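All remarks here apply to the structure that follows.
A short reminder: the numbers here are calculations on the coordinates, not readings from a lab. Computed from a prediction, not measured in an experiment: that's the story for all the values here. Because the Cβ atoms are built from the backbone with ideal geometry, glycine has one as well, and the counts that use them run over all protein chains shown.
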Amino acid sequence: MTSTVTPAATGSTASRSASGARLRTPRRRHSPGRPRRSVLLTVLTGLVLLYSLVPLVWLAVSATKTQEGLSRSFGLWFDGDFALWANISETFTYDDGVFTRWLLNTLLYVLAGAGGATLLAVLGGYALAKFDFPGRRAVFAVVIGAVAVPGTALAVPTFLMFSNMGLTNTPWAVIIPSLISPFGLYLMWVFASEAIPTELMEAARIDGAGEMRTFFQVALPLLAPGIVTVSLFTMVATWNNYFLPLIMIKDPDWYPLTLGLNSWNAQAETAGGQPVFHLVVTGSLITIVPLIAAFLLLQKYWQSGLAAGSVKE
């Protein structure tokens, strides 16, 4: 039995379809080429930016004031007397130029401690990522556990150990503990696993290259972003280290900048002490300039280093 569709029925169906099509509102799809804007995320980002920049603005503005100008003017605005250059000159000459000694001490701790920590992290991370040996899982567990342990929890045992060895109140008491960076080792481990193809190392070995030559000529150039990232983290940690030198160093001649500026800040609380808060502020500004310059100059390297392993091919 054959069913027939009349033109009227066909027209009615088409009319209903057209009516339904006209009533529907086409859904707007997000264009993949344009990022979606989030008001909440923009507000939160603005608050974080404000939280980060306000202390820097206060520091930069306060460094232009005299000791009297710090108390008579608003913190986020300039005083009538612009004394930045005079404050910088006085900072380096005050107390027989001890600030220069503290600056050199800090550079020593950073070059020896942070540089050594970066070297050990690179060597250890490369070995853990590209070589298989007994106890590799145990080393991984120890590294992860060491990352979770705060440095302050180890400060007292470290002091007792160095005191028994007679190394307290010496630069070695700050340099040797700074050589260990569990986070840097873990970061280089992850980075080396992704950045160095195993096939490339095998090709170098087939061509007759030894392990040292393979490391220096093949692996090391590929590890450059990770090395810069780890060196920046260890440098900042050593440059801003306060608690470890506080319990290890008693001689002001071996103070880093953090302890030296704190001693100037506490000078006003001593009997007959002269307040030099303008020098503390100016010294703090001078202290952060090298860190800001290092991050700005090396940002393309450490950003790529942090992103290593985040994209899976």
Could you work out the local net charge near Ala204, counting Lys and Arg as +1, Asp and Glu as -1, over the other residues with Cβ closer than 13 Å to its Cβ?
-1
Distance in nm between Asp95 and Glu68 label points, each 7 Å along Cα→Cβ, equals 2.5 nm
How much net charge surrounds Thr214 when only the other residues with a Cβ under 12 Å from the Cβ of Thr214 are counted, with Lys and Arg +1 and Asp and Glu -1?
0
Using only C-alpha positions, report the orientation-averaged shadow area of the convex hull of the stretch 99-274, nm², one decimal.
12.6 nm²
Karplus couplings for the stretch 227-237 from phi (6.51 cos²θ - 1.76 cosθ + 1.60, θ = phi - 60°), rounded to Hz, Gly and Pro as x?
5, 5, 4, 5, 5, 5, 5, 5, 5, 5, 4
Taking only the alpha carbons of the stretch 189-278, what extent do you get along each of the three principal axes, in Å, biggest first?
74, 21, 19
May I ask for the Rg/Rh ratio of the stretch 93-140, computed from Cα atoms with Rh as the Kirkwood radius, given to two decimals?
1.38
